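J.: Before we start, here is the structure in question, set down as structure tokens.
The values are calculated or read from the model by the stated rules, or taken from the named source; none is laboratory data. From a predicted model like this one, the values you see are computed outputs, not experimental measurements. Virtual Cβ from ideal backbone geometry, glycine too; neighbours counted across all protein chains shown.
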Amino acid sequence: MKKPIQMLPKITLKQLSVFVSIYQTGSTSRASEELHLSQSAVSSALTELESRLQMPLFERVGRRLNQHPNAHPIYIQAQAILGQALTLEHYHKHQAGQIHIGASTTIGNYVLPPLLAKLYAALPDAHIDMYIANTQEVVGEVEQLNIDIALVEGMPRPTDMKVIEQRAWRTDTLMVFAKRHSKWLTGMKYNEKEKCYELSAEQLARLPLLVREAGSGTRQIIDEQLLQYLPHAEIVMAIQQSEAIKHMVSADIGLGCLSQHVIEAELAAGKLVQVKVAGIDLSRTWWLVWHKARHQSPIWQSFIDILIED
């Protein structure tokens, strides 16, 4: 047996606010001044509330209003309801200024900080939560509705494409690199003009290579656009952190392959050197990813605007 449909209450917050103000000030005229309403609107709201409650709240003696015995218990309840409504409004304002951002490792460490600085400059009171992990893990958090928007380096590949929105954002280039004067590059061709070594795919395949772990956007591109041409490449280590790869390459353990953003300072300082591989393109697309069911708040839109303008 179906339950009867409950009618929504027709008592409004405006009616309760008018009643509370009259109760506190003692007159409709002072309540109208306090609420910035006309006196007729105040009187009408009080009459409507008494009608809905089917009880008088004030006794009218000439132009005076005397509190009816019913008024005090209704006043206590009205204050509680208005207080809860105010709490809900404050919660909404807090949520409207809060955003959960996810980023894959390279973007989170090297590209996102100046973008967040722009967001804080536009919205100084913003509340920003960050989640940085590899692409696969970040996309998983988006699918679980734990993140408002994510910036990832690899093709998102969610488990359910129907609920995920993805948009191409930027292009990036991976670079094979080595320690300057690395023992592994002895006798290899060095292009003085472009300040890089030039190797064939066959030459690179004979050198030890340090790469990111499976599941990262960087590893995805390495697998698809580099290692397919190097079926017998010597991958000596899969590492979860780009910084660790940089330090190991600096120690001449092997060659690395990371985003240009990760190694640009070391390249400029001459500590690392680029290794170009003939016939291999390591460019890739970075993606914006969000769940279609996630609320797109004002701060969400502000962040999107910053990303598009950047």
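J.: Any idea which residue in region 273-310 is nearest to the chain's Cα centre (by Cα), counting only those that are among the hydroxyl-bearing types (Ser, Thr, Tyr) and not in a helix (DSSP H, G or I)?
T.: 297
J.: Let me ask you something else. Check off (1) touching a Ser or Thr at 6+ places or on another chain (Cβ under 7 Å); (2) surrounded by fewer than 20 Cβ atoms within 10 Å (Cβ to Cβ); (3) under 19 Å from residue 152 (Cα atoms) for residue 242 and give me the number that stays unchecked.
T.: (2)
J.: With respect to residue 174, determine if the residue is touching a helix residue (DSSP H, G or I) at 6+ places or on another chain (Cβ under 7 Å) and assigned to a strand (DSSP E or B).
T.: Considered against the rule, which asks whether it is touching a helix residue (DSSP H, G or I) at 6+ places or on another chain (Cβ under 7 Å) and assigned to a strand (DSSP E or B), residue 174 comes out as yes.
J.: Now a separate question. So which residues in region 134-152 are part of a loop (DSSP other than H, G, I, E, B), surrounded by fewer than 21 Cβ atoms within 10 Å (Cβ to Cβ) and in contact with a Phe, Trp or Tyr (Cβ under 9 Å, 6 or more places away or on another chain)?
T.: The answer is 146, and nothing else.
J.: The conditions are (1) small (Gly, Ala, Ser); (2) buried (at least 19 other Cβ atoms within 10 Å of the Cβ); (3) outside the structural domain of residue 188 (by TED's automatic domain parsing), and residue 293 fails exactly one of them. Which is it?
T.: Failed condition: (2).
J.: Name the one entry in 78, 85, 121 that is in contact (Cβ under 8 Å) with a residue 24 or more places away in the chain, assigned to a helix (DSSP H, G or I), under 39 Å from the mean Cα position of the chain (by Cα) and loosely packed, with under 14 Cβ neighbours inside 10 Å.
T.: Numbers: 78 fails: loosely packed, with under 14 Cβ neighbours inside 10 Å; 121 fails: in contact (Cβ under 8 Å) with a residue 24 or more places away in the chain.
Result of the check over 78, 85, 121: 85.
J.: Which of the residues belonging to region 254-281 are surrounded by fewer than 20 Cβ atoms within 10 Å (Cβ to Cβ) and under 27 Å from residue 158 (Cα atoms)?
T.: Result: 260, 261, 281.
J.: So which residues in region 153-166 are crowded, with 20+ Cβ neighbours inside 10 Å and among the basic types (Lys, Arg), if there are any at all?
T.: Residues satisfying the conditions do not exist here.
J.: Related question: Kindly evaluate residue 205 against the criterion of being of a type in the set (Gly, Ala, Ser), touching a residue at least 12 places away in the same chain (Cβ under 8 Å) and not assigned by TED's automatic domain parsing to the domain that holds residue 292.
T.: Taking the combined requirement at face value, the residue satisfies it.
J.: Only one of 306, 299, 239 is of a type in the set (Val, Ile, Thr) and over 26 Å from residue 144 (Cβ atoms); which?
T.: Details: 306 fails: over 26 Å from residue 144 (Cβ atoms); 299 fails: over 26 Å from residue 144 (Cβ atoms).
From the options 306, 299, 239, the qualifying one is 239.
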